[in-house]
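The values are calculated or read from the model by the stated rules, or taken from the named source; none is laboratory data. Since the model is a prediction, treat every value here as computed from it, not as a measurement. Neighbour counts are summed over all protein chains in view; Cβ atoms, including those assigned to glycine, are modelled from backbone coordinates with ideal geometry. Side chains included, ligands, DNA and RNA excluded: accessible areas come from the protein's heavy atoms. Shrake-Rupley method; radii C 1.70, N 1.55, O 1.52, S 1.80 Å.
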Amino acid sequence: MILQEGFVCRYYSFVVEGCLKMYAVGNKGTEHNIQFAAENDWIADIGSFHSEKPSKLFIEAIEPSVILQIEKQDLYFLYISISKLDRIFKVIIENKFIELQNRVLQNISSTAQERYQAFLEQYPQLALRLPNTQIASYLGITPEFLSKIRSERKLG
């Protein structure tokens with residue numbers, strides 16, 4: 001477990017190996033996956049990290065993982081010391097924001113099949129690694145419906 005709800009996100013985490021997920025837990029105890037981060041990707045609750053307010057999210061490893069973490073004051077020091085790093089992190093955050101915008105648009109205007117196709121395009125390496133329950137949670141569907149979508153894709 002990298003982050004628990006109710007705690008402040010103190011680190012940006014870089015995944016060297018393995019896979020992490022960021023998720024919220026609904027009123028009925030259901031997990032809602034928001035983001036995955038596999039090798040060479042970053043993950044953090046950016047809102048909690050910057051505001052230093054308690055997170056409403058969890059971040060945990062789905063697979064055995066190796067991560068590197070950097071604290072806020074160290075990251076800010078590097079921004080000032082290495083201007084190129086400041087620009088690199090700006091691009092990383094902009095790309096994550098674009099991913100989030102696209103995900104919101106998909107959730108309000110796409111079918112489950114279209115959302116699954118977008119998942120395959122965004123996370124091609126994870127489609128074979130993650131259990132149906134994790135992918136279905138990300139897509140907002142049941143694991144059984146995801147199995148049906150996968151079966152129809154194989155037949156079609």
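Condition test on GLY47, is it surrounded by fewer than 11 Cβ atoms within 10 Å (Cβ to Cβ), farther than 19 Å from LEU126 by Cα and out of contact with any Pro (no Cβ under 8 Å at 6 or more places or on another chain)?
Details: surrounded by fewer than 11 Cβ atoms within 10 Å (Cβ to Cβ): no; farther than 19 Å from LEU126 by Cα: yes; out of contact with any Pro (no Cβ under 8 Å at 6 or more places or on another chain): yes.
Criteria not met by GLY47.
Please go through segment 16-30 and give me each residue that is open to solvent by 30 Å² or more (accessible area, probe 1.4 Å) and modelled with pLDDT under 95, ordered by number. Passing the criteria: ASN27, LYS28, GLY29, THR30. Just one of (1) touching a residue at least 24 places away in the same chain (Cβ under 8 Å); (2) open to solvent by 50 Å² or more (accessible area, probe 1.4 Å); (3) not hydroxyl-bearing (Ser, Thr, Tyr) fails for LYS72. It is (2).
Got a sec? Which of ILE67, ILE34, ILE135 is aliphatic (A, V, I, L, M), outside any helix (DSSP H, G or I) and at pLDDT 95 or above? Spell out the reasoning first.
Numbers: ILE34 fails: at pLDDT 95 or above; ILE135 fails: outside any helix (DSSP H, G or I).
The conditions single out ILE67.
So which residues in segment 80-135 are aliphatic (A, V, I, L, M) and under 15 Å from the mean Cα position of the chain (by Cα), if there are any at all? Steps first, please.
Applying the first criterion (aliphatic (A, V, I, L, M)) to segment 80-135 yields 80, 82, 85, 88, 91-93, 98, 100, 104-105, 108, 112, 118, 120, 126-128, 130, 135.
Scanning segment 80-135 gives ILE92, ILE93, ILE98, LEU100, VAL104, ALA118, LEU120, LEU126, ALA127, LEU130, ILE135.
Any residue at all in segment 49-58 that is touching a strand residue (DSSP E or B) at 6+ places or on another chain (Cβ under 8 Å), assigned to a strand (DSSP E or B) and modelled with pLDDT of 95 or more? First the steps, then the outcome.
Filtering segment 49-58 down to residues touching a strand residue (DSSP E or B) at 6+ places or on another chain (Cβ under 8 Å) leaves 49, 52-58.
Now narrow it down to the ones that are assigned to a strand (DSSP E or B): 54, 58.
Within this subset, residues satisfying the condition of being modelled with pLDDT of 95 or more are 54, 58.
Looking through segment 49-58, at least one residue is touching a strand residue (DSSP E or B) at 6+ places or on another chain (Cβ under 8 Å), assigned to a strand (DSSP E or B) and modelled with pLDDT of 95 or more.
Out of all the residues in segment 145-156, which are open to solvent by less than 80 Å² (accessible area, probe 1.4 Å) and either touching a Lys or Arg at 6+ places or on another chain (Cβ under 7 Å) or aliphatic (A, V, I, L, M) (or both)? LEU146, ILE149, listed by residue number.
Hey, any hits in segment 38-47 for a residue that's of a type outside the set (Ser, Thr, Tyr), in contact with a helix residue (DSSP H, G or I) (Cβ under 8 Å, 6 or more places away or on another chain) and in a helix (DSSP H, G or I)? Break it down into steps so the answer makes sense when it comes.
So the first thing to find is which residues in segment 38-47 are of a type outside the set (Ser, Thr, Tyr), and the list is 38-47.
From what is left, the residues that are in contact with a helix residue (DSSP H, G or I) (Cβ under 8 Å, 6 or more places away or on another chain) are 42, 46.
Right, trim to in a helix (DSSP H, G or I) and you get 46.
Yes; the residues of segment 38-47 include at least one that is of a type outside the set (Ser, Thr, Tyr), in contact with a helix residue (DSSP H, G or I) (Cβ under 8 Å, 6 or more places away or on another chain) and in a helix (DSSP H, G or I).
Taking residues in segment 13-25 that are on the phi > 0 side of the Ramachandran plot, and partners anywhere that are modelled with pLDDT of 95 or more and assigned to a strand (DSSP E or B), the pairs with Cβ atoms closer than 7 Å and at least 6 places apart or on different chains are GLY18/ALA61; GLY18/VAL66. ILE67 falls short on exactly one of the conditions (1) open to solvent by 60 Å² or more (accessible area, probe 1.4 Å); (2) closer than 23 Å to GLN4 by Cβ; (3) among the β-branched types (Val, Ile, Thr), and that condition is (1). Which ones in segment 112-144 are over 23 Å from GLU60 (Cβ atoms) and open to solvent by 70 Å² or more (accessible area, probe 1.4 Å)? Scanning segment 112-144 gives GLN113, GLU114, GLU121, GLU144.
Does at least one position in segment 84-104 carry a residue that is surrounded by fewer than 12 Cβ atoms within 10 Å (Cβ to Cβ) and assigned to a loop (DSSP other than H, G, I, E, B)? No: zero hits.
Exactly one residue among ILE62, ILE46 is under 21 Å from ALA24 (Cα atoms) and modelled with pLDDT of 95 or more, and that residue is ILE62.
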